[in-house]
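Enquirer: Here's a structure for you.
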Amino acid sequence: MISTQTNCELINEKYKKKKKSYKNSGQIYFTKATVFEETFLEYFTAGLELNLMIALDFTVSNGNLFFPGSLHFEDEKTVSEYAQAITAVANIIAPYDSDCVFPTYTFGGMIDQKTNHCAPIHRNGSALCEGIDGVLEAYREAKKWVKLSTPTYFAPILEEGIRLGSWAGFGKYLIILIITDGVIDDMKETIQQIERASSLPISIIIVGVGDDDFRSMDELDSDGKKLTEKTERDIVQFVPFRKYSHHPTELAAVTLKEIPTQVDEFMKIRGVKPEHIRAAHHQQQQQQQQQQQPQPSSHPPF
């Protein structure tokens, strides 16, 4: 409970007992008060684990994979804008991921004659990539067997993120990184999924590559305000890659700009304190140590 009182009396208990006429020894008046709450750094140092999920746009609006000018085109002298964005943006977030194993997906691409709006990046059905180099390798392999298609749907990718974020466990927070070239064709469904995700330990970073129309991305990034009445908190950050691609410091700043606030707000709404994270992290470490300890043999030593 916060008091609106702006002053308090200074009482000397000895004088109060000796003199009946004693009222106080003065008063203190407050002109400004600052309430300090838990911060992202406190949660992180207490053991909060950030996990990164990556989704890559394989729709036809990116341009033919094999022609210069395509956002996916690469040769000996050219690195695609997607590969640049993966390297630059994911490397900013990756150090905060505890195991550096990243679930990675394609969306909008045609696989086995059918457009898939949320496909694990590996041909064998696995989405897991080890490190950013593993993501880049898987991305370049995917370009050999995933054909560009249409339309551009975000909702299935967000639904997968919600699935991952829902069972991630206490003390974990998921960042969904979507790299795309522009227009969204399922805006209504995307907003519905963002409404669902806003009550979970999830943040969404959308990186726009190329120079297409990003108005729909700006609409999703409500800049600290709730996107809709059903949205619990703002969880979307949009980053136009070309604007910052030659300024790595600014790119890092704008990419991570809203994450600490979004984490803090989620923890505050849920009533989670750093000590809760620390206790859960300690318990998890103990369980892991117990599992690693050799079990006594059930057979006699000889």
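The values are calculated or read from the model by the stated rules, or taken from the named source; none is laboratory data. Only a predicted model underlies this, so the values are computations on that prediction, with no experimental measurement involved. Positions of Cβ are generated from backbone atoms using ideal geometry, with glycine treated the same way; all protein chains shown enter the neighbour counts. The accessibility values were calculated without ligands, DNA or RNA, using every heavy atom of the protein model including side chains. Shrake-Rupley method; radii C 1.70, N 1.55, O 1.52, S 1.80 Å.
Enquirer: Collect residues whose amide H, placed 1.01 Å from N in the peptide plane, falls under 5 Å from the amide H of residue 111; neighbours closer than 5 in sequence don't count.
Expert: Amide H neighbours of residue 111: 116.
Enquirer: Which percent, to the nearest 5, of DSSP beta bridges fully inside the chain are antiparallel? Write out the running numbers ahead of the final one.
Expert: Working: 13 of 39 bridges.
Counting only bridges with both partners in the chain, antiparallel ones make up about 35 percent.
Enquirer: May I pose another question? Calculate, for the chain, the solvent-accessible area per residue in square angstrom, rolling a 1.4 angstrom probe over the heavy atoms of the protein chains.
Expert: 59
Enquirer: Among 211-219, 134-142, what's the highest-first ranking by average C-beta atoms within 10 angstrom per residue?
Expert: Ranking, from highest mean packing down: 134-142, 211-219.
Enquirer: Would you work out the charge dipole size for segment 200-301 about its Cα centre, treating the Cβ of every Lys and Arg as +1 and the Cβ of every Asp and Glu as -1, and quote it to the nearest 20 debye?
Expert: Working: 12 positive and 15 negative charges, 105 e Å.
With Lys and Arg at +1 and Asp and Glu at -1, about 500 debye.
Enquirer: Cα-based Rg of segment 47-180 per 2.2 N^0.38 Å, rounded to two decimals?
Expert: Rg over 2.2 N^0.38 Å, computed on Cα atoms: 1.03.
Enquirer: Answer rounded, prolate or oblate for segment 128-250, using the Cα gyration tensor with square roots of eigenvalues a ≥ b ≥ c: rounded when a/c is under 1.5, else prolate when a/b is larger than b/c, else oblate.
Expert: rounded
Enquirer: Shifting gears a bit: Can you work out the Karplus-derived ³J(HN,Hα) for every residue in segment 49-60? Use 6.51 cos²θ - 1.76 cosθ + 1.60 with θ = phi - 60°, whole Hz, and x for glycine or proline.
Expert: With the stated coefficients, segment 49-60 comes to 9, 9, 10, 10, 10, 10, 10, 10, 7, 10, 8, 5 Hz.
Enquirer: Cα-Cα over 25 Å: which of 147/230; 77/243; 143/172?
Expert: Cα-Cα > 25 Å for 147/230; 143/172; rest within.
Enquirer: So, one more: Which whole-Hz couplings ³J(HN,Hα) result when phi for each residue of segment 222-229 is put into the Karplus expression 6.51 cos²θ - 1.76 cosθ + 1.60, θ = phi - 60°, listed in order with x for Gly and Pro?
Expert: 8, 6, x, 9, 5, 5, 9, 5
Enquirer: What is the sum of charges, Lys and Arg at +1 and Asp and Glu at -1, for the other residues whose Cβ falls under 12 Å from the Cβ of residue 203?
Expert: Local net charge: -3.
Enquirer: Let me ask another. Set Lys and Arg Cβ to +1 and Asp and Glu Cβ to -1, take the dipole of segment 88-164 about its Cα centre, and tell me which of 92, 139, 129 lies farthest positive.
Expert: 139
Enquirer: Show me, for segment 62-77, the HN-Hα J-couplings you get by feeding each phi into the Karplus relation (A = 6.51, B = -1.76, C = 1.60, θ = phi - 60°), rounded to Hz, glycine and proline as x.
Expert: Using θ = phi - 60°, the values come out as 6, x, 3, 3, 9, 10, x, x, 5, 5, 9, 5, 9, 9, 4, 10 Hz.
Enquirer: Sticking with this one: Can you list residues whose amide H is under 5 Å from residue 177's amide H, if they're 5+ apart or on another chain and H is modeled 1.01 Å from N?
Expert: Sorted by chain and number, the residues that satisfy this are 53, 54, 55, 205.
Enquirer: While we're on this one: What is the sum of charges around residue 158, taking Lys and Arg as +1, Asp and Glu as -1, for the other residues whose C-beta is under 13 Å from the C-beta of residue 158? Before the final figure, lay out the partial values.
Expert: Details: positive: 163, 188, 196; negative: 159, 160, 186, 189, 195.
Result for the neighbourhood of residue 158: -2.
Enquirer: Between segment 186-246 and segment 65-118, what's the alpha-carbon centroid distance in Å?
Expert: The distance from the Cα centre of segment 186-246 to that of segment 65-118 comes to 19 Å.
Enquirer: Another question, if that's okay. Name the residues whose placed amide hydrogens come within less than 5 Å of the amide hydrogen of residue 239, ignoring near sequence neighbours (fewer than 5 apart) on the same chain.
Expert: It is 206, 207, 208, by chain and number.
Enquirer: Take the Cα atoms of the chain, build their convex hull, and give its volume per residue in Å³. Display every interim value, and only then the final one.
Expert: Values: hull volume 71.7 nm³, N = 302.
In the chain, the Cα convex hull volume per residue is 238 Å³.
Enquirer: With all protein chains present, how much of the accessible area of segment 1-142 (probe radius 1.4 Å) comes from carbon and sulfur, to the nearest whole percent?
Expert: Here carbon and sulfur together make up 54 percent of the probe-accessible area.
Enquirer: Just to verify a number: what accessible area does residue 166 come out at with the full protein assembly present, 1.4 Å probe, Å² rounded to tens?
Expert: Number for this one is 70 Å².
Enquirer: Right, something else. Roughly how many percent of the accessible protein surface of segment 159-241 is carbon and sulfur, given a 1.4 Å probe and a whole-percent answer?
Expert: 48
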